[in-house]
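Engineer: Quick one: this structure, given as structure tokens, is what I'll be asking you about.
The values are calculated or read from the model by the stated rules, or taken from the named source; none is laboratory data. Predicted model only: the values in this text are computed from it and were never measured. Note that we place each Cβ from the backbone using ideal geometry, even for glycine, and neighbour counts take in every protein chain shown. For the accessible areas, the whole protein counts, side chains as well, though only heavy atoms, and no ligand, DNA or RNA atoms are used. Shrake-Rupley method; radii C 1.70, N 1.55, O 1.52, S 1.80 Å.
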Amino acid sequence: MSRVFLAILIMIPMYANSQNPEASTSISHTVKPPIAKRIHTEKTVNGKTLVDDYAWLRERSNPDVKALLEAENAYAESVMNPTESRQKKLFDEIVSHIKESDDTVPFLKDGYYYYTRTEKGKQYFQLCRKKGSLDAPEQIILDLNQMGEGQKFMAMGQWAVSDDGSLLAYTTDNVGFRQYHLHIRDLRTMQDLPDAAERAVSLAWAADNRSLFYTVEDEVQKRSYRLYKHSVGRVAALDPIVYEEKDERFDIYVSRTRSKRYLLLTAGSHISSDVRFLPADQPDGKWTLIAPHVDNVEYHVDHRGDTFYIRTNDTSQTFRLVTAPVASPGKENWKELVAARPDVPLEDFDVFQNFYALTERIAGLPVFRVIQFSDGSSASIKFPEPTYFASPANNVEFNTANFRYNYQSLITPPSVFDYDVSTKHSTLLKQNEVPGGFDRNNYVSERVFATSSDGTKIPISLFYRKDLKNKAHAPLYLYAYGSYGY
């Protein structure tokens, strides 16, 4: 590994000098990096005085901050100028392996098929839908390319369509600070309503097709801390605050169960959470707390019939799945459905009308286990390769016979499958095309383990060309990552 790394360090200056040695030398002597001024600043936190002479750089509206950033950009451009031709060559090669004009796999929601489209030469995507059938006429409900005209940046955050399909709530960021504006579009006229709000984070419609719940962040910490209720047609400034999270460790997030029966308000920190619920057809009703938060205990909720399904680490850090009656969901009524296993973390779960799917991790790899409510039978989805990544896809419909998932590996491009719960068969819906002559059959992937000094088995995913003559002596690119509890 060190040999490859040193080669990279050597190759970069050699390339720059070979293109224009004089330019490279002159840059190093004439262009100097800007120096940020120091302003002595003290702040007391938890009884400790912290000194930060660069705290002023947090002042986004300060013209000195903008001037420093512009000077940094100018310096970077000057230093990198000798590599412009190499930059273009690398960029063109990357783009040549991307199918620029493409659609995502449509998913069904409330009688409409939704998907996004990218077109060659355009920077952003379009959000589209078709009513009832994929052969129906297409309706482009959002075009970020049009929305981005005249903007330096454009990104979409959350979007949700009302149950009757007539209203679209969506959020956009046009500054790149993940600070989102909330909009509501009438999909019958394709006009945005005057209803708007700032700093929106999450959103969910009630069942009446006119009440929208949304959370917002505070201006200092960017913490999602307030839940508002908006009625279509009302000025957003008059929206009432439904809930405010006072504990600065917690962010709140509003969502709706897949069954559509309930709205959920989840408050979560890094190590604990709590959930409140509200019947979706009673937007003016009272939110009910399922269980108060306890330090070092998380729980996550979904719904079916008269039962809540709850994934929690209350007894083990690998999590278990419990159920609770909607009428009395407190922890004293939790009943274990899937026990925790010390060597198999339960990372996620999805509840449907006739089955539920568990996302577990076995020996470091994600595995889907599907259990039918009718008889309790269980089956795991089989994957063809020794090392891969898989995750649940857009599973929006509650009453479905299929579980949709994403799959990819070091030699298999991102793919979307539907797993038929009754036949236990997976059908490939789409695999990303990789232009430029890529053939996955030219490569091999395998999984091996290295034993660390404390005996831990560390998984290693390898891939290489089949025509590699001698693995043991070939150069190796090694990438390692470990963070956030993963």
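Engineer: Considering only residues that are assigned to a loop (DSSP other than H, G, I, E, B) and of a type in the set (Ser, Thr, Tyr), which ones fall in region 281-327?
Structural biologist: Those that are assigned to a loop (DSSP other than H, G, I, E, B) and of a type in the set (Ser, Thr, Tyr): 315, 316, 318.
Engineer: Continuing with this model, one more query. Given the conditions (1) open to solvent by 10 Å² or more (accessible area, probe 1.4 Å); (2) in contact (Cβ under 8 Å) with a residue 24 or more places away in the chain; (3) not in a strand (DSSP E or B), and given that residue 237 satisfies all but one, which numbered condition is not satisfied?
Structural biologist: (2)
Engineer: Regarding residue 344, is this residue in contact (Cβ under 8 Å) with a residue 12 or more places away in the chain, among the hydrophobic types (A, V, I, L, M, F, W, C) and within 27 Å of residue 254 (Cα to Cα)?
Structural biologist: Spelling it out, it is not the case that residue 344 is in contact (Cβ under 8 Å) with a residue 12 or more places away in the chain, among the hydrophobic types (A, V, I, L, M, F, W, C) and within 27 Å of residue 254 (Cα to Cα).
Engineer: Still on this structure, I have one more. Of these, 266, 288, which one is crowded, with 16+ Cβ neighbours inside 10 Å, among the β-branched types (Val, Ile, Thr) and modelled with pLDDT of 95 or more?
Structural biologist: 266
Engineer: Show the residue pairs meeting these rules: Cβ distance below 8 Å; 6+ apart or different chains; first residue within region 296-311 and small (Gly, Ala, Ser); second residue assigned to a strand (DSSP E or B).
Structural biologist: none
Engineer: Scan region 222-234 residue by residue and report those that are more than 30 Å from residue 58 (Cβ to Cβ) and buried (at least 22 other Cβ atoms within 10 Å of the Cβ).
Structural biologist: Listed by number, the list holds a single entry, 230.
Engineer: Can you pull out the residues in region 188-221 that are basic (Lys, Arg) and open to solvent by less than 60 Å² (accessible area, probe 1.4 Å)?
Structural biologist: Once the filter is applied, which keeps residues that are basic (Lys, Arg) and open to solvent by less than 60 Å² (accessible area, probe 1.4 Å), region 188-221 yields only 199.
Engineer: Next question, about the same structure. Please work out which residue is farthest from residue 363 (Cα to Cα), limiting yourself to region 448-486 and to residues that are charged (D, E, K, R) and modelled with pLDDT under 85.
Structural biologist: 469
Engineer: Of the residues that sit in region 156-182 and are crowded, with 16+ Cβ neighbours inside 10 Å and hydrophobic (A, V, I, L, M, F, W, C), which one is farthest from residue 221 (Cα to Cα)?
Structural biologist: Among those residues, the one meeting the criterion is 167.
Engineer: Is there any pair linking a residue in region 366-381 that is within 18 Å of residue 320 (Cβ to Cβ) and open to solvent by less than 40 Å² (accessible area, probe 1.4 Å) to one that is part of a strand (DSSP E or B) and acidic (Asp, Glu), with Cβ under 6 Å and at least six apart or on different chains, and which?
Structural biologist: Every condition considered, the pairs that remain are 367/360.
Engineer: Scan region 307-330 and give yes if some residue there is of a type in the set (Lys, Arg), over 25 Å from the mean Cα position of the chain (by Cα) and over 30 Å from residue 440 (Cα atoms), otherwise no.
Structural biologist: Among the residues of region 307-330, not one is of a type in the set (Lys, Arg), over 25 Å from the mean Cα position of the chain (by Cα) and over 30 Å from residue 440 (Cα atoms), which makes the answer no.
Engineer: Being more than 20 Å from the chain's Cα centre (by Cα), within 30 Å of residue 466 (Cβ to Cβ) and among the small types (Gly, Ala, Ser) narrows it down to one of 391, 422, 426, 409, so name that one.
Structural biologist: Criteria check complete, one pass: 426.
Engineer: Can you name the strands (runs of 3 or more DSSP E) wholly within region 125-225 that have at least 1 residues being at pLDDT below 95?
Structural biologist: It comes to 191-205.
Engineer: Please specify each residue of region 435-444 satisfying the condition of being under 26 Å from residue 404 (Cα atoms) and either loosely packed, with under 12 Cβ neighbours inside 10 Å or modelled with pLDDT of 95 or more (or both).
Structural biologist: Those that are under 26 Å from residue 404 (Cα atoms) and either loosely packed, with under 12 Cβ neighbours inside 10 Å or modelled with pLDDT of 95 or more (or both): 435, 439, 441.
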